[in-house]
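The values are calculated or read from the model by the stated rules, or taken from the named source; none is laboratory data. Only a predicted model underlies this, so the values are computations on that prediction, with no experimental measurement involved. Methodologically, a virtual Cβ is constructed for each residue, glycine included, from the backbone with ideal geometry; neighbour enumeration extends over all protein chains shown. When the accessible area is computed, the model is the full protein with side chains, heavy atoms only, and any ligands, DNA or RNA have been set aside. Shrake-Rupley method; radii C 1.70, N 1.55, O 1.52, S 1.80 Å.
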Amino acid sequence: MFYRLLSVAQRQRTSRGWQNWSSARSGASAAEAHSVALPAQAQVVICGGGIMGTSVAYHLSKMGWKDIVLLEQGRLAAGSTRFCAGIISTARHLSIEQKMADYSNKLYQQLEQETGIQTGYIRTGSIFLAQTQDRLISLKRINSRLNVIGIPSEIISPKKVAELHPLLNVHDLAGAMHVPEDAVVSSADVALALASAASQNGVQIYDRTSVVHVMTKKGEVTGVETDKGQIECQYFVNCAGQWAYELGLSNEEPISIPLHACEHFYLLTRPLETPLQSNTPNIVDADGRIYIRNWQGGILSGGFEKTPKPIFTEGKNQLEIHNLQEDWDHFEPLLSSLLRRMPDLETLEIVKLVNCPETFTPDMRCIMGESPLVKGYYVLAGMNSAGLSFGGGAGRYLAEWMVHGYPSENVWELDLKRFGALQSSRTFLRHRVMEVMPLLYDLKVPRWDFQTGRQLRTSPLYDRLDAQGARWMEKHGFERPKYFVPPDKDLLALEQSKTFYKPDWFDIVESEVKCCKEAVCVIDMSSFTKFEITSTGDQALEILQYLFSNDLDVPVGHIVHTGMLNEGGGYENDCSIARLNKRSFFMISPTDQQVHCWAWLKKHMPLDSDLLLEDVTWKYTALNLIGPRAVDVLSELSYAPITPDHFPSLFCKEMSVGYANGIRVMSMTHTGEPGFMLYIPIEYALHVYNEVMSVGQKYGIRNAGYYALRSLRIEKFFAFWGQDLNTLTTPLECGRESRVKLEKVLWGGFHWSRCPAAAEAERSYKRLAMFVLDDHDTDLDLWPWWGEPIYRNGLYAGKTTSSAYSYTLERHVCLGFVHNFSEDTGEEQVVTADFVNRGEYEIDIAGQRFQAKARLYPVASLYTHKRRKEDVELSDLHGK
């Protein structure tokens, strides 16, 4: 048998929880096992006895919660956990994933000492191979990020690879990355060890018990219906793995958990003539689409093929996962790749080909967090074949979320609320996971886009813009234009252009940015989230004053930049709100905040009020009219005065545009450039767009996309939520003091001025800064994209959050947070404006550092007139 399931009968345990399931494992009859009565109530019920469920139980019990029941429909660790390849890898693209994997690695290492259960933990290290220079660049970017969070790694030569693993063929390698502290472990034994520790802390564990559905009342979890009876509870955690999707839909109030299973193959061999040492490094040959590890002196090798096989598309499958049918024809490309990398294996006997299901999500990131629909319903599932690596860290963060109300790290990229119901179609999931699985090993250069599940949400102008050369990106299922290809450009070449260097669309975006600054451009921004909050009395104003940091008791027609803050003072939302009348407000938020923002509002709004919260995202097409001639275009179309005296900045009016009435026109552009946002009822969208383009011809109008918008907003130091800001970012840390009324008492009695993180700007432990790269050659050097380490006076000080080329400054500009880490302890210290301004900075791009000048405020000249590169004195970029 591949994995040795721990014989728990040999363990002497006294807690009630352990006995509930150990009796069945030690030879008790099925009738005896099933005769154990479930408790009538518990604080928490966890569904799933794999690595995720046991990790959540372990961490909740460590944090002091004891009234916990864990239910497993089959045997503990008998699901996909049992078939896991057992590799712990910390080399990930996302910072939060690196931290989860690093925590898991350290947890598993000490678990045997804590529980007395052998987990098979062996530190082997991992070697990530690069057959191309682009792959090596990708590894160098990961290497830079690993080093700054304390995970040892280094870029090594092919010769060094051969020394570390002599059986590898290295003739085609450009280089590699070595991560020496990666490890292998028996995943089933890890799950059993976590369960053992949890049970010793009071967690009750019942196997062979299926959850039928979760009971709810008034949008809250009230209990769980099982095949053995009901359990009343306040919290439910769905850790059901590949069954999580169906379990979510089976609830009294269905919950969307978008994931889908695919077949995953790996082979096992007999020991080599000279058996591999137990600490032989793991190998990841992503260009060859395979991974390799030692297994009992032989080889375990699998991979992620280009043509995966989705399974279980019709709903629930067997209670426990068994080895699925072998398919050697399907595995042949991976086998060929293995033999090319390790030619000496040709005569080695293969024990078997394992075929087991793995679950994948629409964006290759796991799913965690509380449901937006049901309070107390939490999810941890969809690990994209990284469940073992993430299990410890993910379980910890979810437990923190439940106990404290929020995790200790920003986990927005993994939050269930990043998805909506639109991603839950079985057809969509089936098609998307066929793309996701091979993408795990595909080379992902900056700004790549998914190809499946597209054209799901589109503006009424989609076909019109597409015919004019729009190239598209997708956000929350919504198609958004990146840029517009001129008729004389080679479209195919642009689509195939993928690079870490200067992209082929550089000149196209430059012309769009120039037009925004010198004439007028139109950007379709219909994807932005749009809510209306209305009431019959003053309730709308009262609740918005209660939830938002800025003062919204402003005259009708005024627009306020504000946000909703959590109890730590961090941004749960960043938005603009227009007061339409005394009892009605119009709220505009980022595209991917549609579900999150709705859930936060509903969570804190009174249930028995006369308030009406309506999602009107689909009702309005949004056109961003940017540039100095925007006022001329709008004046001609509206026959209304659009001068600053009649239409000041941050003002909203309902106007006629062309033949269309009821157009909400706002004097803002989200870029710092002059212009207007037009919110148009969808039935008028095509008419208004045609009129704008027709009248605008005399003013040099053209279409533009989000790449131009990105360049404009970053050079003006406009931070966006989800990219630069998150739930751990306070207004004072990102220079938004003016958007907070310190005297306001917000939700739950929270008073901003009493928040420890925000008493004074000088007490901030990080500050958002703008970095202008100095010695960087745009044509020859690697570009910064996001996540690059920032060094201050030679010491690590933070990471970039977003970046773009400024066509005005003719330099790259990055946004990022500056921290002050103690050289002795590594703890964060206060960051003042003086600390930021006095530093000498470098940005690390794939291991190469480039000098940069830091600012806490945007370059003033960008708001007046264009200055060429040679006119910009970088000594002035230290503005106070």
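Lys/Arg Cβ at +1, Asp/Glu Cβ at -1, dipole of segment 111-153 taken about the Cα centre: which of 146, 111, 121 is farthest positive-ward?
146
Mind checking which aspartates and glutamates have their C-alpha under 13 Å from residue 741, skipping anything on the same chain fewer than 8 residues away?
Hits, sequence-local ones excluded: 551, 553.
Amide H to amide H, which residues 5 or more places from residue 299 or on other chains are under 5 Å from it, using H placed in the peptide plane?
269
Could you state the accessible area per residue of the chain in Å², with a 1.4 Å probe and every protein chain left in place?
So the chain comes to 38 Å² accessible per residue, rounded to a whole number.
Roughly speaking, what is the centre-to-centre gap between segment 367-394 and segment 800-856 when only Cα atoms are used, to the nearest Å?
Centre-to-centre (Cα) distance: 33 Å.
Mind listing the Cα extents of the chain along all three principal axes, in Å, largest one first?
86, 66, 54
How big is the dipole moment of segment 390-498 about its Cα centre under a simple scheme where the beta carbon of each Lys and Arg is +1, that of each Asp and Glu is -1, and everything else is neutral? Debye, nearest 20, please.
180 debye
Given N residues in segment 766-840, what is its alpha carbon radius of gyration divided by 2.2 N^0.38 Å?
Taking N as the residue count of segment 766-840, the ratio is 1.16.
To the nearest 10 square angstrom, how much accessible area does residue 706 have with a 1.4 angstrom probe?
20 Å²
Assuming R0 = 30 Å, can you tell me the calculated FRET efficiency for the pair residue 227 and residue 43, based on Cβ-Cβ distance, to the nearest 0.05?
With a Förster radius of 30 Å, E is 0.85.
What whole-number value in cubic angstrom gives the convex hull volume per residue for the C-alpha atoms of segment 599-702?
Cα convex hull per residue, to the nearest whole number: 137 Å³.
Mind scanning 417/530; 530/603; 140/160; 217/619 and naming the pairs with a C-alpha gap bigger than 28 Å?
217/619
Could you give the length gained by full extension between residue 833 and residue 763, i.e. 0.36 nm per residue of separation minus their alpha carbon distance, to one decimal place?
Length gained, residue 833 through residue 763: 24.1 nm.
Using the Cα centre of the chain as origin and beta-carbon charges of +1 (Lys, Arg) and -1 (Asp, Glu), tell me which of 205, 359, 859 is placed farthest towards the positive end of the dipole.
Farthest along the dipole direction, towards plus: 205.
What is the distance, in nm, between label points placed 7 Å from the Cα along the Cα-to-Cβ direction at residue 649 and at residue 610?
3.8 nm
Simple spin-label model, 7 Å along Cα-to-Cβ: residue 106 to residue 450 in nm?
3.3 nm
Based on the Kirkwood radius over alpha-carbon pairs, what value in µm²/s does the Stokes-Einstein equation return for the translational diffusion coefficient of segment 134-256 at 25 °C and 0.890 mPa s?
My calculation gives 127 µm²/s for D.
Quantify, in whole percent, the carbon and sulfur part of the accessible surface of the chain (1.4 Å probe; protein heavy atoms only).
Accessible surface attributable to carbon and sulfur in the chain totals 48 percent.
Quick one: length gained pulling residue 200 to residue 246 fully straight, 0.36 nm per residue minus the C-alpha distance?
Going from the current span to full extension adds 13.4 nm.
How large is the charge dipole for segment 618-710, taken about the Cα centre, if only the Cβ atoms of Lys, Arg (+1) and Asp, Glu (-1) carry charge, to the nearest 20 debye?
Dipole magnitude for segment 618-710 comes out near 220 debye.
Taking residue 716 as the anchor, which lysines have their alpha carbon closer than 17 Å to its alpha carbon, excluding any fewer than eight residues away along the same chain?
514, 517, 853, 866, 869, 880
Assigning unit charges at the beta carbon (Lys, Arg +1; Asp, Glu -1) and nothing else, what dipole magnitude in debye, to the nearest 20, does the chain show about its Cα centre?
600 debye
Cα gyration tensor of segment 232-289, axes a ≥ b ≥ c as square roots of the eigenvalues: rounded (a/c below 1.5), prolate (a/b > b/c) or oblate?
prolate
Taking every pair of alpha-carbon atoms in segment 102-179, what share in percent sits in each 5 Å bin, from 0 to the bin with the longest distance?
Per 5 Å bin, starting at 0, the Cα pair percentages come out as 3, 14, 21, 18, 14, 13, 9, 5, 2, 0.
Just name one of 689, 721, 670: the one whose Cα is farthest towards the positive end of the charge dipole of segment 650-740 (beta-carbon charges, Lys/Arg +1, Asp/Glu -1).
Farthest towards the positive end: 689.
Report the gain in length on full extension from residue 350 to residue 306: 0.36 nm times residue separation, minus Cα-Cα distance, nm rounded to one decimal.
That pair, residue 350 and residue 306, stretches by 13.5 nm at full extension.
Could you compute how much accessible surface residue 472 exposes when probed at 1.4 Å, giving the result in Å² to the nearest 10?
For residue 472, the solvent-accessible surface is approximately 30 Å².
Describe numerically, in nm with one decimal, the distance between label points set 7 Å from Cα along Cα→Cβ at residue 661 and at residue 277.
8.3 nm
Need one word for segment 46-102: rounded, prolate or oblate. Basis is the Cα gyration tensor (sqrt eigenvalues a ≥ b ≥ c); a/c below 1.5 gives rounded, then a/b vs b/c decides.
Oblate, because a/c is 1.5 or more while a/b does not exceed b/c.
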